Amino acid sequence: MKPFVKFQVLLLLSVLSVSLASAQEAKKYFYTDASTFPIYGKAIENMSATYERLPASLEGVIRQSVWSLAHHSAGISVRFRSDSPSIRLRWISFGLATMNHMTDTGTRGLDLYSQDPVDGHWRFVRSARPQKDTLNDQVIVSGMDRQMREFIVYLSLYEGVKKLEIGVEEGSVIDQPALDSPHKGSPIVMYGTSILQGGCANRPGMAFTNIISRELDKEVVNLGFSGNARLDYEIAELMAAVDNPSLFVLDNVPNCSASLIDEREEKFFRIIRDAHPDVPVVFIENPNYPHAVFDKVAAADIAARNASMRAVYDKLKKAGEKKIYYIKGDKMLGLDGEATVDGVHFTDLGMVRYTEYVLPTLKKALRKK
């Protein structure tokens, strides 16, 4: 392409981009505070703030590193419906979290999904990409036919959301969801590490707790605490306080030494089991990280951790515990070594593989419930 023609094309594209942006700005939007709609993913209703994951009563009680991570809104989502041709999201983040192995869209962005009216599946619409400020205001999707649709907004994985507003065009309806999907009222409660919190999904909807929620059409509570799934008994007590849980998942091995598992895993389980004697509990091993194929010290450490987890499970089985399940980690991520960003934390591919690997056991356990 000749330089002058190329310049004309670029100029035209620039004008069109500005025109489209101006057209969106010209539309009048009405905002509704998202907290007026059903909020999914909270272990109990009385949390320290609307989109946080621990109750205020644990401040100064639980370890500070866990308390800080509780402000991250991982696994929390909002349900609503609207007939607006465009959806606009305005949100305030607690901070400007950024990491060298995860996208900003995953750490502090949002995801919008809509339910397919034909097959009932939740389909990704578009992400809300964060800017260089804690206040963000974006049109996420436009040009839709004016018809009532069901929506989910998934909140940030590694930053907290202070406030969220949903904008619809003038003359449009925004209302409570008409469908109980994902089913709310008997959640799956999952406890784990940075990987369970969502590291390092490219966007919030790809955290495996959110994928599992869509696959099973059930609310999932994400109690993943990056680097801090160290079997704090206060977390077990919070899990025990969940009303009518359908399943508990313990995926804490990557943050625990073998000795810590030996010391604390059984008591952690007992706190949950005493409160919910009939609810199934799934124990999950450390995945076989790709770098452990080469690093023999890491391989031996993973083997020791998994052996400790297995020993706890076997002891419980011998003691007569029912409705407990065990998932080995050796084939969780496949055998090609391509499912992590850094040898440990999952890419979107890793999130999908994990989900496909654990779903059969989760479904079996839920049938028993």
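The values are calculated or read from the model by the stated rules, or taken from the named source; none is laboratory data. Predicted model only: the values in this text are computed from it and were never measured. Cβ placement follows ideal geometry from the backbone for every residue including glycine, while neighbour counts extend to all protein chains displayed. Only protein heavy atoms, including side chains, enter the accessible area calculation; ligands, DNA and RNA are left aside. Shrake-Rupley method; radii C 1.70, N 1.55, O 1.52, S 1.80 Å.
Beyond 24 Å, what share of the Cα-Cα pairs of the range 225-369 is found? Please give it as a whole percent.
32
Can you tell me the 0 to 90 degree angle between the C-alpha axis of helix 348-368 and the longest principal axis of the chain, rounded to 10?
60
With a 1.4 Å probe and all protein chains kept in place, how much accessible area does Arg123 have, in Å² rounded to the nearest 10?
150
What percent does the relative contact order of the range 73-183 come to when contacts are Cα pairs within less than 8 Å and at least six residues apart?
In percent, rounded to a whole number, it is 48.
So, for the range 17-107, what is the accessible surface per residue at a probe of 1.4 Å, expressed in square angstrom?
With all protein chains present, the range 17-107 gives 42 Å² per residue.
Find the relative contact order for the chain and round it to a whole percent, using C-alpha pairs within less than 8 Å whose residues are 6+ positions apart.
Taking the mean separation of contacting Cα pairs over the length of the chain, I get 16 percent.
Mind checking the per residue accessible area of the range 148-239 for me, 1.4 Å probe, whole number of Å²?
26
State whether the range 175-307 is rounded, prolate or oblate according to the following rule on the C-alpha gyration tensor (a ≥ b ≥ c being the square roots of its eigenvalues): a/c under 1.5 gives rounded; otherwise a/b larger than b/c gives prolate, and the remaining case gives oblate.
Since a/c reaches 1.5 but b/c is at least a/b, the shape of the range 175-307 is classed as oblate.
Could you tell me which trypsin sites (Lys or Arg not before Pro) in the range 269-324 are loop residues by DSSP with no more than 11 other beta carbons within 10 angstrom of their beta carbon?
Of the trypsin sites (Lys or Arg not before Pro), the ones in loops of the range 269-324 whose Cβ has at most 11 other Cβ atoms within 10 Å are Lys322.
In sequence order, what are the phi-derived ³J(HN,Hα) couplings for the range 94-100 according to the Karplus relation 6.51 cos²θ - 1.76 cosθ + 1.60 with θ = phi - 60°, rounded to whole Hz, with x for glycine and proline?
5, x, 10, 4, 8, 9, 7
Could you compute how much accessible surface Asp295 exposes when probed at 1.4 Å, giving the result in Å² to the nearest 10?
Here the accessible area works out near 70 Å².
Ignoring any ligand, DNA or RNA, what whole percent of the accessible area of the range 286-361 comes from carbon and sulfur when the probe is 1.4 angstrom?
It is 58 percent, rounded to a whole number.
Which value, in Å², gives the accessible area per residue of the range 274-317 when a 1.4 Å probe is used on the protein heavy atoms?
47
Can you list the GluC sites (Glu not before Pro) in the range 142-243 that are in a DSSP coil and have 15 or fewer other beta carbons within 10 angstrom?
For GluC sites (Glu not before Pro) across the range 142-243 that sit outside H, G, I, E and B with at most 15 neighbouring Cβ atoms in 10 Å, the list reads Glu170.
Which option, [x] 42, 21, 19; [y] 28, 23, 21; [z] 39, 24, 19, is the value of semi-axes √(5λ) of the Cα gyration tensor in Å that was calculated from these coordinates?
[z]
Taking θ as phi - 60°, what are the ³J(HN,Hα) couplings along the range 326-341 by the Karplus curve (6.51, -1.76, 1.60), each to the nearest whole Hz, with x for Gly and Pro?
9, 10, 6, x, 5, 10, 4, 9, x, 10, 9, x, 9, 10, 10, 8
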